[in-house]
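Participant: The structure that follows is given in the form of structure tokens.
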Amino acid sequence: MKIAKNFIYNTSYQILVLLLPLVTVPYIARVLGPEGVGAKSYTFSIVQYFILIAILGLDAYGIREVAKVKDNRKKLSETFKSLFILRVMTVSVAFILFCLFMYWNTEFISLFWIQSLYIVIVASDVAWLFMGLEQFKKIVIRNTITKLAGLIAIFMFVKQKEDLPLYIIILIISQVAGQVTLFPYIPKYIDRVKVSCLSVIKHLKPTLAIFITQLAMQVYLVLNRTLLGIYSTTSEVGIFDSSYKIISIALALMTSISTVMLPRISALVSEGEHATVRLFLNRTLSITLLFAVGLMFGIAGISGNFMGWFLGAGFTGAGSVLVLLTPVILFLAWGSIIGNQFLLPMNRMRGYSIAVCSGLFVNVIINVLLIPQYGAQGAAVATSISEGVVLLAMMIIVRESLDQWVWLKELPLLIIAGGVMVSALLVMNKLPIQPVGLTFLQIIVGIGIYLVILYLFKTKTLNWLLDKISIVINKRRQK
């Protein structure tokens, strides 16, 4: 029941995260233009390398370690304090390295210094403690309030291209506000304890293992924007970044399951409940596959009409970039579950690292080959292929541990349903309907076609979901 509640809380927040870009992205795209969006994205892509050093894998590691000792208050307090001290140390190192970078940097000086605040506020992020304790409600409520406040501030104060620095500051303030409001709740779970330097340092090696994996994972996501800024134009960066934001909206829903399940899976692994872990994993993979395939084909079908009115005339070509990015929804959502619900809790970081580094290697090669000639479209192709390589590598690594055919055998049926849906959506693009209204009509029709076909195919995953929904409805009626 707790998993269900946490999933509802986290999914509700992810829906908010989904809706906010639908409001802010078109507004910011029109106010700042592709150059402004691109400048923000390019400078942040550089800053993200230092943020990765500041985090050092401590988010995922912290969730896992807290979940293991959450029933022992003394060990929990020692673990939290040790990891918090280590986090302050890594943030300090990251900021010093950033200052050294700025000594040599000669472009976008003011934007870089403003965005460097993202590095500093990593120290105040204690969400990993509450995630490990499975206290998602506290995180969701505070982040929701600060996100909405940030949204209001953007519409109130960001009015012209020159307001780009102010826009970044608003984003930073809304993020840090959500973090610091969690601090008053820490004493409820954590006591004042003394920890030795040794107890802090002992966490460094395992976090480095996770850091290497996350570094490779994030670098090839960020690298697209960095290389676009180097080999192409800031406008191309803006087109790619705005298109990827749409993909990120879909991914937010897909990875919500993985985020909620990580602490529970970690606890089950520490208790030796490997059979239960596999049961959870097979179920979440099947559900994710059903939704990811639908989103992938659905977004591809509406992209031409949708991106035209959503971003405006300045973002020509964004529709084709979005289509090229749609496979990322399936690959990344699928891969995040194998990684976060199996490899990470099982402490199989070597396999995780091999998979991600394979994707990084492929990403760099394809980006360097395609970006100079094809710009944002080349970066989109590189992203999709590299995510596919990561997923393939993960599936090979876990082939002896998981019965992958349990959830793969429904894939052909999902692809058929998705193919019929996208064909119908492409035909609908020719209808003489106002673009915004057409998009909403396409979404409704697309969902209907996809679900009806899966229902006719009698897919086990959809039937399982319908049974669960029916049980919940019947219970509510009985009350």
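The values are calculated or read from the model by the stated rules, or taken from the named source; none is laboratory data. All of these numbers come straight from a predicted model, not from anything done at the bench. Glycine also receives a Cβ, built like all others from the backbone with ideal geometry; neighbour counts cover every protein chain displayed.
Participant: Within 24 Å of Trp309 (Cα to Cα), free of Cβ contacts under 8 Å to residues at least 60 places away in the same chain and crowded, with 16+ Cβ neighbours inside 10 Å: is that true of Val422 in this structure?
Facilitator: On the way: within 24 Å of Trp309 (Cα to Cα): yes; free of Cβ contacts under 8 Å to residues at least 60 places away in the same chain: no; crowded, with 16+ Cβ neighbours inside 10 Å: yes.
Considered against the rule, which asks whether it is within 24 Å of Trp309 (Cα to Cα), free of Cβ contacts under 8 Å to residues at least 60 places away in the same chain and crowded, with 16+ Cβ neighbours inside 10 Å, Val422 comes out as no.
Participant: Quick check: anything in region 364-375 crowded, with 22+ Cβ neighbours inside 10 Å, under 21 Å from the mean Cα position of the chain (by Cα) and either closer than 30 Å to Pro26 by Cβ or touching a residue at least 12 places away in the same chain (Cβ under 8 Å) (or both)?
Facilitator: So the first thing to find is which residues in region 364-375 are crowded, with 22+ Cβ neighbours inside 10 Å, and the list is 367, 371.
In the following step, the residues that additionally are under 21 Å from the mean Cα position of the chain (by Cα) were identified as none.
Scanning region 364-375 turns up no residue that is crowded, with 22+ Cβ neighbours inside 10 Å, under 21 Å from the mean Cα position of the chain (by Cα) and either closer than 30 Å to Pro26 by Cβ or touching a residue at least 12 places away in the same chain (Cβ under 8 Å) (or both).
Participant: Just to be sure, is Gly301 assigned to a helix (DSSP H, G or I), surrounded by 22 or more Cβ atoms within 10 Å (Cβ to Cβ), more than 21 Å from the chain's Cα centre (by Cα) and at pLDDT 80 or above?
Facilitator: Numbers: assigned to a helix (DSSP H, G or I): yes; surrounded by 22 or more Cβ atoms within 10 Å (Cβ to Cβ): yes; more than 21 Å from the chain's Cα centre (by Cα): yes; at pLDDT 80 or above: yes.
Criteria met by Gly301.
Participant: For region 307-323, what are the residues that are assigned to a helix (DSSP H, G or I) and either among the small types (Gly, Ala, Ser) or surrounded by fewer than 24 Cβ atoms within 10 Å (Cβ to Cβ) (or both)?
Facilitator: If the condition is that a residue be assigned to a helix (DSSP H, G or I) and either among the small types (Gly, Ala, Ser) or surrounded by fewer than 24 Cβ atoms within 10 Å (Cβ to Cβ) (or both), then Gly308, Trp309, Phe310, Ala313, Gly314, Ala318, Gly319, Ser320, Val323 are the ones that fit.
Participant: Phe342: under 21 Å from the mean Cα position of the chain (by Cα) and among the aromatic types (Phe, Trp, Tyr), yes or no?
Facilitator: Yes; evaluated as a whole, the condition is true for this residue.
Participant: When you look at Arg142, is it at pLDDT 90 or above, buried (at least 17 other Cβ atoms within 10 Å of the Cβ) and of a type outside the set (Val, Ile, Thr), yes or no?
Facilitator: Numbers: at pLDDT 90 or above: no; buried (at least 17 other Cβ atoms within 10 Å of the Cβ): yes; of a type outside the set (Val, Ile, Thr): yes.
When the stated conditions are applied, Arg142 does not pass them.
Participant: Give me the pairs, please: first residue somewhere in region 88-107 and farther than 16 Å from Ala54 by Cβ, second residue anywhere and in a helix (DSSP H, G or I), beta-carbon distance under 9 Å, and either six or more positions apart or on two chains.
Facilitator: If the second residue must be in a helix (DSSP H, G or I), the pairs left are Asn105/Ile46; Asn105/Phe112; Glu107/Thr43.
Participant: Sticking with this one: Can you give me the number of residues within region 104-120 that are more than 19 Å from the chain's Cα centre (by Cα) and either modelled with pLDDT of 90 or more or surrounded by 17 or more Cβ atoms within 10 Å (Cβ to Cβ) (or both)?
Facilitator: 11
Participant: Kindly establish whether Gly38 is within 20 Å of Phe108 (Cβ to Cβ), of a type outside the set (Asp, Glu), surrounded by fewer than 22 Cβ atoms within 10 Å (Cβ to Cβ) and touching a residue at least 24 places away in the same chain (Cβ under 8 Å).
Facilitator: no
Participant: Kindly list the number of the only condition in (1) under 23 Å from the mean Cα position of the chain (by Cα); (2) polar (S, T, N, Q); (3) not in a helix (DSSP H, G or I) that fails for Thr43.
Facilitator: Result: Thr43 fails condition (3) only.
Participant: Pairs please, first residue from region 316-330 and closer than 18 Å to Arg225 by Cα, second anywhere and surrounded by 24 or more Cβ atoms within 10 Å (Cβ to Cβ) and charged (D, E, K, R), Cβ atoms under 6 Å, 6+ apart in sequence or on different chains.
Facilitator: Every condition considered, the pairs that remain are Val328/Glu387.
Participant: Given the structure, is Asp71 out of contact with any Pro (no Cβ under 7 Å at 6 or more places or on another chain), free of Cβ contacts under 8 Å to residues at least 12 places away in the same chain and not small (Gly, Ala, Ser)?
Facilitator: Yes.
Participant: In the set Ser384, Ser423, which member is over 30 Å from Leu360 (Cα atoms) and small (Gly, Ala, Ser)?
Facilitator: Matching residue, one of Ser384, Ser423: Ser423.
Yes/no matrix, rows are residues, columns are (1) loosely packed, with under 12 Cβ neighbours inside 10 Å; (2) modelled with pLDDT of 95 or more; (3) of a type in the set (D, E, K, R); (4) under 30 Å from Met307 (Cα atoms):
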{"position": "Leu413", "(1), (2), (3), (4)": "no, no, no, yes"}
{"position": "Leu426", "(1), (2), (3), (4)": "no, no, no, yes"}
{"position": "Pro432", "(1), (2), (3), (4)": "yes, no, no, yes"}
{"position": "Pro435", "(1), (2), (3), (4)": "no, no, no, yes"}
{"position": "Val445", "(1), (2), (3), (4)": "no, yes, no, yes"}
{"position": "Ile449", "(1), (2), (3), (4)": "no, yes, no, yes"}
{"position": "Phe457", "(1), (2), (3), (4)": "no, no, no, no"}
{"position": "Thr461", "(1), (2), (3), (4)": "no, no, no, no"}
{"position": "Lys468", "(1), (2), (3), (4)": "yes, no, yes, no"}
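Participant: Only one of these is polar (S, T, N, Q), assigned to a loop (DSSP other than H, G, I, E, B) and either under 30 Å from Thr207 (Cα atoms) or modelled with pLDDT of 85 or more (or both): Asn367, Asn347, Asn340, Asn363. Name it.
Facilitator: Residue meeting the stated conditions: Asn347.
Participant: If you don't mind, there's one more thing I want to ask. Test Val25 against the stated conditions and say whether it is touching a Ser or Thr at 6+ places or on another chain (Cβ under 8 Å), of a type in the set (Val, Ile, Thr) and modelled with pLDDT of 85 or more. It would help to see each step written out before you state the result.
Facilitator: Numbers: touching a Ser or Thr at 6+ places or on another chain (Cβ under 8 Å): yes; of a type in the set (Val, Ile, Thr): yes; modelled with pLDDT of 85 or more: no.
Considered against the rule, which asks whether it is touching a Ser or Thr at 6+ places or on another chain (Cβ under 8 Å), of a type in the set (Val, Ile, Thr) and modelled with pLDDT of 85 or more, Val25 comes out as no.
Participant: Ok, one more. Restricting the search to region 212-233, which residues are surrounded by fewer than 21 Cβ atoms within 10 Å (Cβ to Cβ) and over 21 Å from the mean Cα position of the chain (by Cα)?
Facilitator: Ile230, Tyr231, Thr233
Participant: Looking at region 199-228, I want the residues that are farther than 11 Å from Ser353 by Cβ and have a partner that is of a type in the set (D, E, K, R) and modelled with pLDDT of 75 or more with Cβ atoms under 8 Å, at least 6 apart or on another chain. Which pairs are those?
Facilitator: Ser199/Glu78; His203/Glu65; Arg225/Asp241; Leu228/Glu236
Participant: Tally up the residues in region 46-77 that are of a type in the set (S, T, N, Q) and either within 23 Å of the chain's Cα centre (by Cα) or part of a helix (DSSP H, G or I) (or both), please.
Facilitator: So the count comes out to 2.
Participant: Considering only residues that are of a type outside the set (A, V, I, L, M) and farther than 24 Å from Leu462 by Cβ, look in region 410-447 and name the one that is nearest to the chain's Cα centre (by Cα).
Facilitator: Top of the filtered list is Thr439.
Participant: Another question, then. Out of Gly150, Gly62, Gly132, I need the residue that is within 20 Å of Ala209 (Cβ to Cβ), out of contact with any Leu (no Cβ under 6 Å at 6 or more places or on another chain) and either surrounded by 20 or more Cβ atoms within 10 Å (Cβ to Cβ) or not acidic (Asp, Glu) (or both). Which one?
Facilitator: Values: Gly150 fails: within 20 Å of Ala209 (Cβ to Cβ); Gly62 fails: out of contact with any Leu (no Cβ under 6 Å at 6 or more places or on another chain).
On inspection, the qualifying residue turns out to be Gly132.
Participant: Taking the options Ser77, Ser82, name whichever one is in contact (Cβ under 8 Å) with a residue 12 or more places away in the chain and surrounded by fewer than 21 Cβ atoms within 10 Å (Cβ to Cβ).
Facilitator: The unique qualifying residue is Ser77.
Participant: Determine whether region 202-217 contains at least one residue that is in a helix (DSSP H, G or I), charged (D, E, K, R) and within 23 Å of Thr326 (Cα to Cα). Walk me through how you get there before you give the answer.
Facilitator: If we filter region 202-217 for residues that are in a helix (DSSP H, G or I), which is where we start, we get 204-217.
Next cut, charged (D, E, K, R) only: 205.
Cutting the leftovers down to within 23 Å of Thr326 (Cα to Cα) gives us none.
No: region 202-217 contains no residue that is in a helix (DSSP H, G or I), charged (D, E, K, R) and within 23 Å of Thr326 (Cα to Cα).
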